Amino acid sequence: KMTQQMRDLQLAQARKPPGPSSPNAAKRLYRNLSGKFRVNYTSFDEGSLVGRGDKEKLRKSYLFQSNAALFEAVELQDLDRVQEMLKHYSPEELDLNTPNSEGLLPLDIAIMTNNAPIARALLQAGAKESPHFVSLESRSLHLSTLVREAEQRVNELMAQVVNEAPNADCSEKEKQLKAWEWRFRLYKRMKAGFEHARVPDAPSSVHLSVASSSSLQVTFWEPLSINLAVVTKYKVEWSCSPSFLPLLGEALIDKLKELHFTIQGLVSGTAYHVRVSAYNMKGWGPPQASTPPFAIPSNWREYDGRAPRRRGQAEALDHLLGQVKTVHQHCICHEPCKNQPQSRKHSVSKSLKHLFHPGSKFLKTLKRGLYLTAIFYKDDNILVTHEDQIPVVEIDDTYSCLLMQDFLWLTKVSCMWDEILWLRQCVTVSQSSCSCILQTRFKMLLAISQMQGLLGIQDLGQVFFEPIKDKQGNILIVTLKEVKTNQTFESVRWVPICKLQSSRKSVSSPEEPTALDMLLISVQDKLAYHQRSSHALSPGLYLGYLKLCSAVDQIRVLVPEQLPNILCHVKIRSNPNISRDEWEWLQKMASVEEPVPTETGTDRFQNPLFQELQVAIKELMTLVNIPLQEAKDFRLYSQEVLEFGDQVSFLLLLPPSDDVCTAPGQNNPYTPRSGFLTLPLQIFELGEDR
């Protein structure tokens, strides 16, 4: 009766006709439908259709084809085709959770034939089990009915084939007989799979960690034995009692791409016990208690009650900038100033050219001086002028020995490209009472305004961490910006980078290339640096290594080339939170001046964070090419956990105090392997905040 009711329901919805007439026909239908399935239904000639009714029929036909193709792929156990469909089409396009005329879903067929690879692929795509199977009895009865009816149909067709004389009708009956024999074997295999299956074992492992002062993170792994039936969901339960009476809450996990769950809304300082159970078509298996057996929601800040270091800093800086603007609002510098074209000393010929070209233009060649260039790129293309030159404007024809300080000042200006006009106005008033430093910086602002005006865009991007210097006395400051939309610019056009490099005619010798030639030669490296410097770390807790080296005019910091906006680091774990207990242990270790944990310690150190730090320190020392025995003199920074948002946090590993910063001429016996570079500290700080 239940089977008949399901069929009546499905036939009323006109979802799917009976199966193919033979196994070979099933394969042909599946192959044909799969081919058609790759054609989006909107590619048909909809101009010949009339009204919404015909379009709706076309949409339903498309959904039927996709649904039928998926069912056939699962029934024929074609894993490659199933994965291809799930990769290229959404669950809605596949009609993934709509039962067929037998009341079955694709996932039902996969798990009852114990096809674990297909079942897992369907589960990760969001497939569900049929809601009609409300109990073990209902599933068993339904399968028995399908087997019995298929067997009856086989017997009927076999009798007709035996008794009838050979003719066209007989040939058709033989095809139907083969199809029903194939389906009969499928249903028997599904019934046997259900009968032999047992409930799954407990999850092989359940790990409990403190995610915040009000949440716990539960990570679990599949059972070692699924007992002939794929696990389709998990249940996470939590309680303040080890007996789980009373139960405070539970959550069902049926999206199995990642086996973890965060329990939210817990009370800080309260101990919670957690366990996890697995489910298959035979029911729930036994629960697995977590390791450790309980955890207390907390955060390292609760140890001494300190507030976040950066709380309110952004608002305070915005308020301060507003106050500065208010002070300058009514002074003479508030009057707009015009862009003044750059000119070289005693350049009469250039003055004559302005009679014919009144507006400022990009430069084609460099003479001794300081210049600004802006590199805009999209995929493998770069913006150039109509003369196929990278946009360059002059800052000044001279520069002082304090250029590095002016350059670092310019990197800070790059955080407020939209305020260049206002900054120029302020510097205009001040330069009358100040040295050549302000004059150089004012000329930098003029060059920026000129570049912005010529390109028709305010944001020039990120300043590359070091200027390009050549032997002819030219210094080129480079800005980099990736364009991800079809943005239009003035006076420039897109060309492939390789074409620009091959077509440029160098005016210098290979032994002494000009700054522009040096830029073209290294442009891919600079673009790669720019892209890598904007990458973000995945959520987690990291161990960072702080190593500085000083020069005459700057301090530089060691960073990895693959992620230059972050210190040298290794990942400790995926959970970024440091609990109060973990931080208390770190404080005790620092107070008694314990060495960093590089070797297996005594029982008093046996906690998860200690073991994680052991692994991370060994990996980090190998990364930066420092012998592990030297790490015994290193120390963990115990003043705070460095937090970058809510998802990334750092513990710092510091060398001995005398070795934190290498002075000029000081010998450094341990040089990092390739793959590292040193950035000016101010550049690193800006990259860290981006």
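The values are calculated or read from the model by the stated rules, or taken from the named source; none is laboratory data. Since this is a predicted model, take the numbers as computed values, not measurements. Every residue, glycine as well, gets a Cβ built from its backbone with ideal geometry; the counts of neighbours run over all protein chains shown. Each accessible area value is taken on the protein alone, full model and side chains, heavy atoms only, with ligands, DNA and RNA left out. Shrake-Rupley method; radii C 1.70, N 1.55, O 1.52, S 1.80 Å.
Applying a threshold of 25 Å to the alpha-carbon distances of 255/282; 235/282; 188/257; 257/481; 87/233 flags 188/257; 257/481 as lying beyond it.
With the other protein chains left in place, how much accessible area per residue, in square angstrom, belongs to segment 207-298 at a 1.4 angstrom probe? Walk me through the numbers on the way to the answer.
On the way: 4220 Å² over 92 residues.
Ligands and nucleic acids excluded, the result is 46 Å² per residue.
May I ask you to derive the FRET efficiency for residue 386 and residue 639 from their Cβ-Cβ distance with R0 = 45 Å, giving the value to the nearest 0.05? E(calc), rounded to 0.05, equals 0.20. The modelled label-to-label distance for the pair residue 498/residue 379, using points 7 Å beyond Cα in the direction of Cβ, is 1.3 nm. Given their separation in residues at 0.36 nm each and the Cα-Cα distance between them, residue 573 and residue 225 gain 122.5 nm when the chain is fully extended. Relative to the compact-globule estimate of 2.2 N^0.38 Å, the Cα radius of gyration of segment 207-298 comes out at 1.07. Rg then Dmax, both in Å and based on the Cα atoms of segment 57-196: 16.8, 52.
Using a 1.4 angstrom probe on heavy atoms only, work out the carbon and sulfur share of the accessible area of segment 361-533 in %. Roughly 51 percent, rounded to a whole number.
What the Cβ-Cβ distance of residue 660 and residue 124 gives, at R0 = 51 Å and to the nearest 0.05, is a FRET efficiency of 0.60. In this structure segment 494-594 gives 48 Å² per residue of accessible area when probed at 1.4 Å with all protein chains present. Projected label points at residue 409 and residue 172, each 7 Å from Cα along the beta carbon direction, are separated by 9.3 nanometres.
If R0 is 22 Å, the Cβ-Cβ spacing of residue 251 and residue 618 corresponds to a FRET efficiency of close to 0.05. Here the label points at residue 321 and residue 674, each 7 Å from Cα along the C-beta direction, are separated by 4.1 nm in the simple model. With all protein chains in place and a 1.4 Å probe, the accessible surface of segment 207-298 carries 59 percent carbon and sulfur.
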